[in-house]
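What follows is a single structure, written as structure tokens, with notes after it.
The values are calculated or read from the model by the stated rules, or taken from the named source; none is laboratory data. Because the structure is predicted, anything quoted here is derived from the model rather than measured. Glycine also receives a Cβ, built like all others from the backbone with ideal geometry; neighbour counts cover every protein chain displayed. Keep in mind that these areas ignore ligands, DNA and RNA; they rest on the heavy atoms of the full protein, side chains included. Shrake-Rupley method; radii C 1.70, N 1.55, O 1.52, S 1.80 Å.
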Amino acid sequence: MPITFRRSWTDPDLDQYRDTVVRFIEEHMLPDDDEARKRGHVGHEIWRKAGATGLLCTDIAPEFGGAGGDFRHEAVFYEEMARRSLTGMNASVHSIVAHYLFNHGTDDQKRRYLPRLASGELVGAIAMTEPGTGSDLQGIRTRADRSGEGYVINGAKTFVSNGFLAGLVLVVAKTDTSQGARGTSILIVETQNCPGYRVGRVLDKMGLKAQDTSELFFDDVHVASDQLLGGKEGAGFFQLMGDLPYERMVIGVTALAAMEGAYQVTLDYVRGRKAFGQTIADFQNTKFRLAEIATEIKVGRAFIDRCVEDLVAGRLDTATASMAKLWGSEAQGRVVDICVQLFGGYGYMNEYLISRMYTDARVQRIYGGTSEIMKEVISRAL
């Protein structure tokens, strides 16, 4: 049975918007996905097309170039990409960059950068993780030292989503090494013609082959004092923690949509594939495994939809968002693994969508805070 029931948070306007999103994806994203996976990035043109269509920064206020919608509009775009395992264009990180600016930036920073992010002129990235630090953001070594009327940034970052194409990078750095977390700040770096800024390798990953995850290097990169996010030193850790529920809900939403997509392609496959004189769908094992998946998705839909509603209403807490990320990413791994098994040998072939969904799913349990970190966050709230 196809899982097609309406989301509790949708309405006719959102249904119409979803139609626009699907048309854009099928006309502009799907045809280039194979080539994007080979070259390791989607290119700048698709970002500009998405901006011109009104698909970027949809929950940012119109006065700053956004569409004036809410998280539901963002979720529609993430869902439809995730259902097709279109992981090259990391619009969620791009939107998270916009949210850091919208929630914490000065008025000048908002007006200078948000319209350019919404149009796709600038691709946004966040440079947090460093070699050897992983999820421990308090252990970062990148420094931003005062110099005249600005700062000089020195350090290295890795696992930076959108790093190769980024025109705007939010760099997490220490402005006061004696203050621990309270000495952390976020600096805004425009990458074009930026002396000392260098993109390293586009990393060769297990999955997410079309996504430009990169190393970034900052060697005496000079930025003006008005490039300090919010204009206040030492606020970086607070700024990062304040936007984590949004980021983790993105992962929960995409995980569930990917499960739905995996379920549907598997259902179509087993209905058409025959073995021992009957379709794979006729075997009891297949029926039972699909029943388990369908149940897990329906139960998950109720929880994730409630979290989306709470986020839009401004009442989603960090622990619940962490539950959505933890459950969603773990369930996605379980479901896609079962689906690969039902495909048999073909499920291991990259030409099949389910194979790409399998390798793309694994990182969901790692980025945005590992499953182990999610359990720690949740346990502290018990």
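What's the extension gain from Leu382 to Asp337 if we count 0.36 nm per residue and subtract their Cα-Cα distance?
Using 0.36 nm per residue and subtracting the Cα-Cα distance, I get 13.1 nm.
DSSP beta bridges in the chain, what fraction antiparallel, as a percent rounded to 5?
85 percent
Measure off, as a whole percent, the carbon and sulfur share of the 1.4 Å-probe accessible area of region 1-81, all protein chains present.
Answer for region 1-81 is 49 percent, counting heavy atoms of protein chains only.
What is the gain in length, in nm to one decimal, between Thr295 and Asn154 on full extension, counting 0.36 nm per residue of separation less the C-alpha to C-alpha distance?
Here the answer is 45.7 nm.
Can you bin every Cα-Cα distance in region 1-67 into 5 Å intervals starting at zero and give me the percent of pairs per bin, rounded to whole numbers?
3, 13, 18, 20, 18, 14, 10, 3, 0
Got a sec? Which residues in region 36-76 would a label at Glu26 touch, if it sits 7 Å along Cα→Cβ and we count backbone N under 18 Å?
76
If each of Phe238 and Ala313 carries a label point 7 Å out from its Cα toward its Cβ, how far apart are those two points in nm?
Roughly 2.8 nm, to one decimal.
How far apart, in nm, are two points set 7 Å out from the Cα along the Cα-to-Cβ line at Phe303 and at Ser8?
Output for this residue pair reads 1.4 nm.
How are the Cα pair distances of the chain distributed, in percent, across 10 Å bins from 0?
Over the chain, the share of Cα pairs per 10 Å bin runs 5, 23, 33, 25, 10, 3, 1, 0 percent.
Can you work out the Karplus-derived ³J(HN,Hα) for every residue in region 69-77? Use 6.51 cos²θ - 1.76 cosθ + 1.60 with θ = phi - 60°, whole Hz, and x for glycine or proline.
Going residue by residue, I get x, 9, 4, 4, 5, 4, 4, 4, 5 Hz, with x marking Gly and Pro.
Å³ per residue of the Cα convex hull, for region 248-341?
Per residue, the Cα convex hull of region 248-341 comes to 74 Å³.
Calculate for the chain the 222 nm mean residue ellipticity that helices alone would give, adding -39,500 (n - 2.57) per DSSP H run of length 4 or more and normalising by residue count, nearest 500 deg cm²/dmol.
-15500 deg cm²/dmol
How far apart, in nanometres, would the label points at Asp19 and Asp107 be if each is projected 7 angstrom from Cα along the Cα-to-Cβ direction?
Taking the two extended label points, one gets 4.1 nm.
Over the chain, how many pairs of lysines fall under 14 Å by alpha carbon, counting only those 8 or more apart in sequence or from different chains?
Lysine pairs, 8 or more places apart or on different chains, close enough: 5.
Determine the relative contact order of the chain: mean sequence separation of Cα pairs under 8 Å and six or more apart, normalised by residue count, in whole percent.
17 percent
Please work out the average accessible area per residue across the chain, using the 1.4 Å probe convention, and give it in Å².
About 44 Å² of surface per residue is accessible.
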